[in-house]
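Working notes, structure below.
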Ligand code: AHM
Ligand code: MG
């Protein structure tokens, strides 16, 4: 008989809570509610082709992109599970322009939740893995209702972050600052079971991941870095290239196999030198998880976790994965990309107005 313990996500979160004698269970409940949201969203993503929910809605999100119907479903599911629990004082979603207030007839709590309900949603119609990304900050303002000050905190202060991947199986991976743990959904019983305890990025990387179609826009430093990863100019074994175009999937694979993902800034439009990723909804959570798993995330200049956010929907360059590979990119940027660093610096140091 196998001696391996079967541990549900609920049990695991409760065990972790025991390490914090002063914990009230609020945080535990919040993480469990994310797992519940994930189960409901997973149910719909796996049935998407069957129930005619596929296809784009007429709505556009704040970036002018078409929202898929499942985006809206996922967004509303997470909101509706969390709005009335008394644990949160505000939420923010990639799909909403402004901070989402807790309805006035519900109690407010001491955390804020940020989420990208369905990341990589352009992949839905072609049956490629997508994901949900979430991050939790503690309230720091004196206000009962969450303010921009509570939401726009550096990633360094995150209380927890994680993602759900809707792939060949559904997994939830999270960290509350005590390592990174992964759970796989057993659809027959509807439970997330501990499948990947204390994930560490393997020291020897296997893959690099980037949208190589953008290479002509990359800075000289990033182009040279890409050649270095491919072992072009020296006698080095190249890394394999894997790119799904779904951050959660690309990050997850590299977390388990070792590697680096990058969506760098560029000089295509020097007034927007920061690439595509969103700091608050994508980069902070991934940076936190990477560091908890022994890796590192940089904007090309320094640690993403140390950036003071200035706006809810700001974008940020990201290079994330094995520390040595990320630092190598920083070194190339330092050597070759002075013009880019100069163009990006004002955004790096921009302060919020609250
Ligand atoms: P989304 O939030 O609009 O879904 O976009 C984010 C996605 C990421 O999942 C992925 O890493 C990236 O966009 C892919 O971008 P590209 O198509 O430019 O390679
Ligand atoms: Mg996204």
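Observations, loosely collected:
- Going by neighbour counts of Cβ atoms within 10 Å, the residues 115, 217 line up, fewest first, as 217, 115.
- Under a Gaussian network description of the chain, with springs only between Cα atoms under 10 Å, the residue in 293, 159, 285 that fluctuates furthest is 159.
- Cα gyration tensor of region 189-238 - equivalent ellipsoid semi-axes, whole Å, descending: 34, 16, 8
- Overall, the ratio between the Cα radius of gyration of region 207-348 and 2.2 N^0.38 Å, rounded to two decimals, is 0.96.
- Listed by Cβ neighbour count within 10 Å, with the fewest neighbours leading, 139, 350, 18 appear as 18, 350, 139.
- Stokes-Einstein diffusion for region 68-182 at 25 °C, viscosity 0.890 mPa s, with a Kirkwood radius from C-alpha pairs, works out to 166 µm²/s.
- Nitroxide proxy distance, nm - points 7 Å out along Cα→Cβ at residue 217 and residue 83: 3.6 nm
- Neighbour counts of C-beta atoms inside 10 Å place 180, 320, 7 in the sequence 7, 180, 320, starting with the fewest.
- Relative contact order computed over the chain (Cα-Cα under 8 Å; 6+ residues apart), in percent: 14 percent
- Compared with the dominant principal axis of the Cα atoms in the chain, helix 220-229 is inclined by about 80°.
- Using a Förster distance of 22 Å, the FRET efficiency for residue 234-residue 327 (Cβ separation, nearest 0.05): 0.80
- Three semi-axes of the equivalent ellipsoid, the chain, Cα gyration tensor, whole Å, largest first: 31, 24, 21
- In plain terms, the chain from residue 272 to residue 188 could stretch by 25.5 nm, reckoned as 0.36 nm per residue minus the Cα-Cα distance.
Bear in mind these aren't lab numbers, they're just calculated from the coordinates by the rules spelled out. None of the values given here were measured: they were computed from a predicted structure. Every residue, glycine among them, receives a Cβ derived from its backbone with ideal geometry; neighbour counts consider all protein chains shown.
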